[in-house]
Structures are given as structure tokens and as C-alpha cells.
1. What's the local net charge at residue 132, with K and R +1, D and E -1, over the other residues with C-beta under 12 Å away?
2. Run through the DSSP bridge list for the range 44-158 and note the antiparallel percent, rounded to the nearest 5.
3. Just how far, in whole angstrom, is the range 44-84 from the range 103-154 if you go by their alpha carbon centroids?
Amino acid sequence: MPRRFLPLLLAALTLPGCLPEADVPEVTLAEAFAFEVVGRGLRASLDTTEVAIRDAATWAAYRDSLRPLQPFDSVDFAQEMVLLAAVPVPSGGYSIEFETVERAGGDSLTAAYILSTPGYDCIPTMGGAVVFQAVRMARIPAPVHFTHQTEAYRCTER
């Protein structure tokens with residue numbers, strides 16, 4: 001590199017650090033929360049459901065309408081709460097998985113999950129189902145908003 005460009009390069013590299021503090025945008029970092037799967041399944045007597053459950057009686061009512069693949073893990077409602085997402089689907093091959101639970105400014109939590117769907121190259125089983133996943137996390141007295149994405153997966157390789 002010719003020497004005459006060196007001062008321009010140095011000026012360009014140091015310029016962003018010279019901005020007044022008021023011109024630097026403030027970045028809000030999300031606070032992430034750990035969670036563990038309590039149970040999941042393919043059959044439930046529910047319509048689309050996204051709910052934060054903070055007491056044993058409410059959990060018992062929902063739990064009785066769910067058919068998990070394995071018995072549900074226990075939950076200590078004095079310290080924990082359950083997040084439940086259930087979605088009716090037209091055939092087999094679907095699943096739900098919570099991805100994140102976080103607080104990004106404000107006082108509410110956002111629980112994000114993915115609904116995985118069979119891709120165009122899949123041959124799913126026939127018959128409707130209700131896929132669900134329940135997770136437990138620290139009990140936080142904040143409203144919970146749910147978001148989801150739908151992602152198709154492939155069954156064959158190219």
C-alpha cells in the first residue's frame with residue numbers, strides 16, 4: 001500500500017471512536033432465561049394454546065388434557081412455572097421446540113418456539129394431531145408473550 005494512503009486509513013479507523021457519546025445508539029441486550037423440557041407429545045385435547053402456568057391446579061387441568069410421549073417431569077411451583085405451547089396439525093411429522101425465553105427491555109418475557117413441519121419431500125402419516133411441548137423455568141411474575149416460526153425440514157438428501 002502506498003504511504004500516502006496510510007494517514008487516510010488511520011483516520012478512518014479512529015473516526016468511529018471520536019463520535020460524541022450522545023451520537024452512539026444505545027443497545028438493549030436481552031436477558032435470557034434457562035428452561036428445561038417437562039414433557040412433549042403428539043396428542044392433546046386442546047386447540048392452539050400458548051400459556052404460562054404458575055400454579056399446580058392450573059397445571060393439573062392442562063396436564064390432564066395432554067398425552068406425553070413419556071411421563072411429565074415434576075415441577076416445583078413455589079420456585080418454577082411452566083410454559084406450554086400446543087398446536088393442532090393436519091398429519092404426523094410435526095413437532096414443537098422452545099428456542100428461547102428472554103426479556104428485552106420492559107417487564108414482559110418473550111418465549112419463542114419453532115413449529116417444525118414436514119417438507120415437500122416427506123410422506124407424513126395421515127391423521128390429525130396436536131403437537132405440544134411444556135418447559136419449566138424460574139418463576140417470574142411477568143407477562144409472557146409467545147412467538148413462533150414455522151420451519152420445514154427435509155426428509156431426503158439431494
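1. On the way: positive: 40, 43, 63, 67; negative: 47, 50, 97.
Taking every Cβ under 12 Å from that of residue 132, the sum is +1.
2. 70 percent
3. Between the Cα centres of the range 103-154 and the range 44-84 lies a distance of 15 Å.
Every number here is computed from the coordinates shown, using simple stated rules; none is lab data. What you see is a predicted model, and the numbers here were worked out from it, not measured in a lab. Ideal geometry is used to build each Cβ from the backbone, glycine not excepted, and the neighbour counts take in all protein chains shown.
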